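Just so you know, all these numbers are worked out from the coordinates, no wet-lab data involved. Predicted model, so just to flag it, every value in this text is computed and none were measured. We place every Cβ from the backbone using ideal geometry, glycine too, and count neighbours over all the protein chains shown.
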Amino acid sequence: MHMKLLTNIITRLTESPRAAGLEVFSGPGGYVFHLVVLQKKGGKVIIETKQENIPGTDALKKQIRPGMPVYLALTGRGLVHKKVSAAASDDARTLLPKVLPNAAPGDFYMQRVNGLNGQAFVSIVRRQTLDPLLEELKPVCDIVSCSLGALPVAGIAALFEKNEYQFEIEASGQKLVFSNGELGDLQAPETGTNENHKISGEDLPAVLLTAFAAGFGHFSGAGIAADVDSLLRGSEEYRQKRLFKAGAGTVLVFILVVLLGNYFAFQHYWDKKAKLETQLALSGGELQRYQALEKNLSEKQQFLESSGLLLASKTSYYADQLAADLPATITFTRLNIAPKQHLNTTDSIAFRPGIVFAEGLCRQSVELNNWIRLLKEKTWIKNVSLQSYNQAKGEERGEFSLQIDIN
């Protein structure tokens, strides 16, 4: 399946949508050219141009597009046609003596067209006749195949609008007799005819019939051709050249599509970038204010964390507990819970959580010591240290200072 698909793709790339059938009639006055250019459009092969009796190669060159494949049909003088018995395995060495005894195969080009009942129509032409013609036409057009006589008409028998079981077609000085759509005989016409032939609904003069049939073989794949070795090589070279051009064109189109895609993508994101830059410029002041507020918030949060103000506060609890067990003989004059640290003027404000400074008056130091021992027994107090005690002479109460460390 994949090979068939690949073959179809290659065929599409190498097959030209146009082809020309060129009949070269060899007469007493030289060569006369009849040309039919065919085009495949919408699955149908149509006649694009047709021209009969073209006087020479200069005029012929103007009628043929460069690079278009040309299927040559040589008719007229210099050809020999004969109906012979032939097996499927017969080749030039066995068929040529049946047409021209004692002929050397290297001196002739041969063409074979199978007929009815094991018969074949063999046509020959001398190399020295055909080779100069091919050389003369080489600068004019790209010849990919050469047939001999009106035999290419046998390949389009199904196109004739004939209802008879047996019918005759005259073309290029020969009469082809068909039986049930197959070539049954090849005869010399009794009288020349210029009647038109109706092919696929289109009228075609008899003088252009052979050229049409030769060119139609390009599209049908059932063309008739002589074994001209130089044209076999030329046909393959033409096919490779078409494949190369088509492949190169496909690659160039692909690259162009990629480049266009990249361009449009770049243009899209470039416009988006410009829009965002404009929005950024318009909102630059807000962004700076936001950054300043964020910095200020971070500094305040850092200050609160370092100062301990974010810790759970039990100030009222500590004050209540200390006052609950306070003896009547002891009075607080100052209670400082989480006092402020003593800092330099350049330092930030900070506090000492877990510390309580208590100052007061006491009548007897013994009562103060008893109260300190009571405080040390409490679970939420880590330590109590007496910072100072001073009782002036003649005074009833002394002044004290305590530091209480809280768990």
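Applying a 10 Å radius around every beta-carbon, put 161-174, 208-221 in order of their mean neighbour count, most first. Could you put the intermediate results ahead of the total?
Values: 161-174: 15.8, 208-221: 24.4.
By packing density, highest mean first, the sequence is 208-221, 161-174.
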Just in the stretch 314-407: which trypsin sites (Lys or Arg not before Pro) are loop by DSSP and have at most 14 other Cβ atoms within 10 Å? LYS393
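State to the nearest 20 debye the size of the charge dipole of the chain about its Cα centre, where the only charges are +1 on K and R beta carbons and -1 on D and E beta carbons.
Details: 44 positive and 42 negative charges, 163 e Å.
Here the size comes out at about 780 debye.
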Relative contact order of the stretch 315-406, please, whole-number percent, based on alpha carbon pairs below 8 angstrom and at least 6 residues apart. 27
Cβ charges +1 (Lys, Arg) and -1 (Asp, Glu), total dipole of the stretch 315-406, debye: 120
Cα-based equivalent ellipsoid of the stretch 315-406: semi-axis lengths in Å, sorted from largest, via gyration tensor: 25, 17, 11
Angle between the chain longest axis and helix 315-324 axis [Cα atoms, degrees, rounded to 10]: 20
Could you tell me which of ALA188, THR129, GLN364 has its Cα farthest along the dipole of the chain towards the positive end, charges placed at Cβ (Lys, Arg +1; Asp, Glu -1), taken about the Cα centre? GLN364
Distance violations [Cα-Cα > 31 Å] among LYS44/LYS175; LYS340/LYS382; LYS62/LYS198; LYS62/LYS82; LYS44/LYS83; LYS61/LYS83: LYS62/LYS82; LYS44/LYS83; LYS61/LYS83
In degrees, nearest 10, range 0 to 90: what is the angle between the Cα axis of helix 229-282 and the longest Cα principal axis of the chain? 30
Nitroxide proxy distance, nm - points 7 Å out along Cα→Cβ at TRP380 and SER365: 3.1
Inter-label distance, nm, simple model (7 Å from Cα along the C-beta direction), SER230/PHE264: 5.1
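Can you show me the helix-derived [θ] at 222 nm for the chain, built from DSSP H runs with n ≥ 4 at -39,500 (n - 2.57) apiece and divided by the number of residues, rounded to the nearest 500. Provide the component values of the computation, followed by the final result.
Values: 9 runs with 151 residues, N = 407.
Calculated from helices alone, the mean residue ellipticity at 222 nm is -12500 deg cm²/dmol.
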Apply 1/(1 + (r/R0)^6) to the Cβ-Cβ distance of LEU304 and VAL251, taking R0 = 41 Å, and write down the FRET efficiency to the nearest 0.05. 0.05
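Over the Cα atoms of the chain, Rg to Rh with Kirkwood Rh, two decimal places? The partial results should precede the final answer.
Numbers: Rg = 56.8 Å, Rh = 31.2 Å.
So for the chain, dividing Rg by the Kirkwood Rh gives 1.82.
How high is the relative contact order of the chain, in percent, with contacts defined as C-alpha pairs under 8 Å that are six or more residues apart? It would help to have the intermediate numbers written out before the result.
Numbers: 640 pairs, mean separation 50.2, N = 407.
In percent, rounded to a whole number, it is 12.
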Read phi for every residue in the stretch 363-379 and hand back ³J(HN,Hα) as whole Hz from Karplus 6.51 cos²θ - 1.76 cosθ + 1.60, θ = phi - 60°, with x for Gly and Pro. 6, 10, 5, 5, 5, 5, 5, 4, 5, 4, 4, 5, 5, 5, 7, 6, 6
From the residues SER89, SER16, SER147, which one has its Cα farthest along the dipole of the chain in the positive direction, the dipole being from +1 and -1 charges on Cβ of Lys/Arg and Asp/Glu about the Cα centre? SER16
The percentage of Cα-Cα pairs in the stretch 120-187 separated by more than 16 Å is 56
From the Cα centre of the stretch 39-69 to that of the stretch 86-108, the distance in Å is 34
